[in-house]
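The values are calculated or read from the model by the stated rules, or taken from the named source; none is laboratory data. Everything numeric here is computed off the predicted structure, so don't read it as measured data. Note that each Cβ is placed from the backbone with ideal geometry, even for glycine, and that neighbours are counted across all protein chains shown.
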Amino acid sequence: MNVLFLSPSYPREMPHFTRGLAEVGVRVWGVGDQPAHALPEEVRRYLSDYLQVPRLLDEDDLVERTLRWLRGRSVDHVESLWEPLMVAAARIRQQIQLPGMTPEHVTDFRDKQRMKERVASVGIRVPYAFRARSISEIREAVEKIGYPLILKPIAGAGSADTYRINSPQELEQILPRLQHVPELSCEEFIDGREFTFDALCLEGRPLFVSVTEYLPRPLIMRTNEWISPVQITIRDLQQPHLAPGLQMGHEVLEAMQMQTGFVHMEWYLTSKGEAVFGEIACRPGGAYIVDQMNFSNDIDLFREWARVRCHQTFHSPTARPYNVAAIFKRAQGQGHIRSIHGLQHFREQCGRWLCAEHLLPIGALRRDWKQTLLSDGVLIVRHPDWDTTVQMARMAATQIQLFAA
Ligand SMILES: Nc1ncnc2c1ncn2[C@@H]1O[C@H](COP(=O)(O)OP(=O)(O)O)[C@@H](O)[C@H]1O
Ligand SMILES: [Mg+2]
């Protein structure tokens, strides 16, 4: 079996999915913008062939070059798990008449207004929202929605260009900053906690389900540099407060007519206990969520995704003995990391439960915390008990400090 995999080495999860494909016994053909010799060894060793394209994000060019390269070859699946290339993968599939989700269908998972309409049409609660392509359309939407409201790109990611607007004054301040965004979603602001619903599906049926809570909500973590964002993958999904979100997750899979692969849905839990739909993507969650799901079960979903995709089977335990917290660190100061405080103490206290530690080393240049949730590094801890997991996460968030200069 031959699988064409777009962007096999970026973002950071992709080398693992490339490995997963090779490990379930298929030939993996990669398409990327790096020269083959510049691919990391952990990717190159799993690729049977590779096409270098000049611009991965030029969708028409990518599709055309890939189709030309595929002529005379027999390929069984065309996949991408990176949001900006999902539609390109679907276009290639459609052109060579492979089964799988069509470009139209994938766009329903990309376009925040289309997904809300589709989900709302079966009675699921979504934020009151409008699409806006101009300042006057934004003003019209604001009239109908009232304050507070959210303005964000229709095809956004990572909370980029997303604003909570509380008043007409704030609206006037923010509008000029949104001029470069071609289409916006204007939404009623939903107050509450924020969770994910992640699932690996086979023909729409979830074989593996996981829920992760963001602490604090993504928009808040993305607008305050001093925060160490935490996300905790939850062990006990029987807790009553999660029931509405889990039920919604299953209903959304049906409403969206999900086929095979990962979904990453986000939902809000209001203080009244109501679940409100946030968004859904037909790819795995980023920022270590797959690693967290793996640590929660001691499994390898990078490989299981490949097995489900290529062989329609899933071979992993799902008992979930652990809660898993990822804590993302941001250094104080600009420039290069000069010192790390509290890490040794944390290792002594929590070492037994520490699954991964990827902080930037001393001397490394800080990452742009606005561009990547990963920021200046991540620690991952797990524990069977929820309160202990939260305590360890809080300790890592507050007591480990990185300083840059
Ligand atoms: N209608 C809304 N009500 C409250 N918060 C919202 C709303 N829409 C977005 N947000 C906040 O902005 C963040 C980013 O929005 P989201 O729709 O998830 O886009 P993306 O993650 O693709 O950037 C959310 O995680 C949430 O914190
Ligand atoms: Mg989101």
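Name the residues in region 129-155 that are under 25 Å from the mean Cα position of the chain (by Cα), of a type in the set (Val, Ile, Thr) and more than 9 Å from ligand 1 (Cβ to nearest atom), would you?
Matches in region 129-155: ILE154 only.
Could you list, in sequence order, all residues of region 156-185 that are surrounded by fewer than 11 Cβ atoms within 10 Å (Cβ to Cβ) and within 21 Å of the chain's Cα centre (by Cα)?
If the condition is that a residue be surrounded by fewer than 11 Cβ atoms within 10 Å (Cβ to Cβ) and within 21 Å of the chain's Cα centre (by Cα), then no residue fits.
Take region 350-378 and flag every residue that is at positive phi and of a type in the set (Ser, Thr, Tyr).
SER375
Does GLY273 satisfy the criteria of being of a type in the set (Gly, Ala, Ser) and away from ligand 2 (no atom under 16 Å from the Cβ)?
When the stated conditions are applied, GLY273 passes them.
Just to be sure, is LEU379 at pLDDT 95 or above, surrounded by fewer than 18 Cβ atoms within 10 Å (Cβ to Cβ) and of a type in the set (A, V, I, L, M)?
Judged against the criteria, LEU379 is not a match.
Which of the numbered conditions does ARG177 fail, given that it passes all the others? Conditions: (1) of a type in the set (Lys, Arg); (2) within 16 Å of ligand 2 (Cβ to nearest atom); (3) farther than 21 Å from GLY245 by Cβ.
It is condition (2) that ARG177 fails.
Scan region 241-248 and tell me whether some residue there is touching a helix residue (DSSP H, G or I) at 6+ places or on another chain (Cβ under 9 Å) and either assigned by TED's automatic domain parsing to the domain that holds THR372 or in contact (Cβ under 8 Å) with a residue 40 or more places away in the chain (or both).
Yes, region 241-248 has at least one match.
If you take the residues in region 103-125 that are within 20 Å of the chain's Cα centre (by Cα) and hydrophobic (A, V, I, L, M, F, W, C), which one is farthest from ligand 2 (Cβ to nearest atom)?
Taking region 103-125 and keeping what is within 20 Å of the chain's Cα centre (by Cα), we get 103, 105-116, 119.
Checking the rest, the ones that are also hydrophobic (A, V, I, L, M, F, W, C) come to 106, 109, 115, 119.
Working: VAL106: 17, PHE109: 12, MET115: 12, VAL119: 15 Å.
So the residue we want is VAL106.
Can you name the residue in region 189-207 that is of a type in the set (A, V, I, L, M, F, W, C) and within 14 Å of ligand 2 (Cβ to nearest atom) and, of all such residues, is nearest to GLN312 (Cα to Cα)?
Restricting to residues being of a type in the set (A, V, I, L, M, F, W, C) and within 14 Å of ligand 2 (Cβ to nearest atom), the top hit is PHE197.
Given the structure, is CYS186 touching a helix residue (DSSP H, G or I) at 6+ places or on another chain (Cβ under 9 Å), of a type outside the set (S, T, N, Q) and within 16 Å of ligand 1 (Cβ to nearest atom)? Step through it out loud before you land on a result.
Working: touching a helix residue (DSSP H, G or I) at 6+ places or on another chain (Cβ under 9 Å): yes; of a type outside the set (S, T, N, Q): yes; within 16 Å of ligand 1 (Cβ to nearest atom): yes.
Criteria met by CYS186.
Which helices (runs of 4 or more DSSP H) sit wholly inside region 213-325 and have at least 3 residues that are within 12 Å of ligand 1 (Cβ to nearest atom)?
Those helices (runs of 4 or more DSSP H) span 218-223.
Out of the residues in region 326-359 that are part of a loop (DSSP other than H, G, I, E, B) and either of a type in the set (Lys, Arg) or without any contact (Cβ under 8 Å) to a residue 40 or more places away in the chain (or both), which is nearest to GLN231 (Cα to Cα)? Give the steps one after another, and end with the answer.
Of the residues in region 326-359, the ones part of a loop (DSSP other than H, G, I, E, B) are 329-331, 333-335, 342.
Next, only the ones that are either of a type in the set (Lys, Arg) or without any contact (Cβ under 8 Å) to a residue 40 or more places away in the chain (or both) stay: 329-330.
Working: LYS329: 12, ARG330: 15 Å.
Among them, the one singled out is LYS329.
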